Amino acid sequence: MAVIVCTGERRRKMGYGLTVGEICFIQKDYLLDGEIIFSKEEEVKIEDLDPDPRAPGRKYVVRSKTSGSRFRLSGHDLKRRYCPECGALLTISNKCPGCTWVIVGNLSQRRSGPGPPRINGGGIL
């Protein structure tokens, strides 16, 4: 799990800590029934926090631009776009140019097998 660390005077560790209304990137392409439902680097807005009872890590509700459907995704599926401390656009290395905020750890989840990961029906709302 990624650890978010504020390197200024305050130092705190937490999980992904994404919030409703936050804009994120999709980490990789996702397929549903052979169709791309999310594209890598696509921007999405977190609409709600609603953990899936069968997979509590999938709690970030986002809407697919291609299908219009809402899906629950995990923090592994999303990459923060803006600094939660000052609102500046994060660099490609997940550092904030405006303050001392940084993400420590790897947000990507490796999956084996060819092609993009598939979203099963359990993630659809």
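Every read-out reported here was derived from the displayed coordinates using simple, explicitly stated rules and does not represent laboratory data. Owing to the predicted nature of the structure, the values given are computational and were not obtained by experimental measurement. All Cβ positions, even for glycine, are placed from backbone atoms using ideal geometry, and neighbour counts span all protein chains on display.
Quick one: if the Förster radius is 25 Å, what FRET efficiency do ARG54 and THR19 give, using the C-beta to C-beta distance and rounding to 0.05? After rounding to 0.05, the efficiency reads 0.60. Straight Cα distances below 23 angstrom link LYS95 to the lysines LYS13, LYS28, LYS40, LYS45, LYS79, with same-chain residues fewer than 8 positions distant left out. Between LYS45 and VAL102, the simple spin-label model (points 7 angstrom out along Cα→Cβ) gives 3.2 nm. Under the shape rule built on the C-alpha gyration tensor, where the axes satisfy a ≥ b ≥ c, region 27-93 is oblate, since a/c reaches at least 1.5 while a/b does not exceed b/c.
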